[in-house]
Amino acid sequence: MIEWRCCKLAELDVQSVYQLFKLRQQVFVIEQTCLYEDIDELDLQALHLLGQDQSSLLIAYLRILAPGLCYDEPAIGRVVVNPTCRGEGLGRLLIEQGTRLTREHFGQTAIRISAQQHLTQLYAEAGFEVAGEMYVEDGIAHVEMLLT
């Protein structure tokens, strides 16, 4: 069973904030050996979706950005599943929750993501379509995708 919470950073307790930044660091910086500033000013403006297990361990996370912060459309980013929980379909569930909440907050509009290229099939299964050419960001191949 997963407990989902979606809120602004300021509304989260200290333990949850610590867990979300630790998970992002563990995957995006250490596992992917990518030196970049993961924590940015967008974190202060984003909605944060956290999925926690029964022991309150953060097992899934993403952030939702309002239209105009990165793209004309609302955006989903920093999509991450705890490495201990991979292979259980949690990524699909996380994307489903994220798109549902994005539309709840911003209406039935298109949603844009910057997907790591090796994950395009996962996003395509959720209805996202490639919306541009491949580009390299922080040493990793990415492609913009759009859910209409």
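Where a number appears in this text, it was derived from the coordinates with a stated rule and is not lab data. A quick note: this is a predicted structure, and the numbers were derived from the prediction, not measured. Note: ideal-geometry Cβ built from the backbone for every residue, glycine included; neighbour counts use all protein chains shown.
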MRE, 222 nm, helices only [DSSP H, n ≥ 4, -39500 (n - 2.57), over the chain, to nearest 500]: -7500 deg cm²/dmol
Neighbourhood net charge (11 Å Cβ-Cβ; Lys/Arg +1, Asp/Glu -1) for Thr109: 0
Segment Asp72-Asp53, length gained on full extension (0.36 nm per residue, minus Cα span): 3.5 nm
Relative contact order (%) - criterion: Cα under 8 Å, at least six apart; region: the chain: 18 percent
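Can you bin region 1-84 into rounded, prolate or oblate? Criterion: square roots of the alpha carbon gyration tensor eigenvalues sorted a ≥ b ≥ c, rounded for a/c under 1.5, prolate for a/b above b/c, oblate for the rest.
Details: a/c = 1.73, a/b = 1.19, b/c = 1.46.
It comes out oblate by the Cα gyration axes.
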Ratio Rg/Rh, restricted to region 3-147 and using Cα atoms, in which Rh is the Kirkwood radius: 0.93
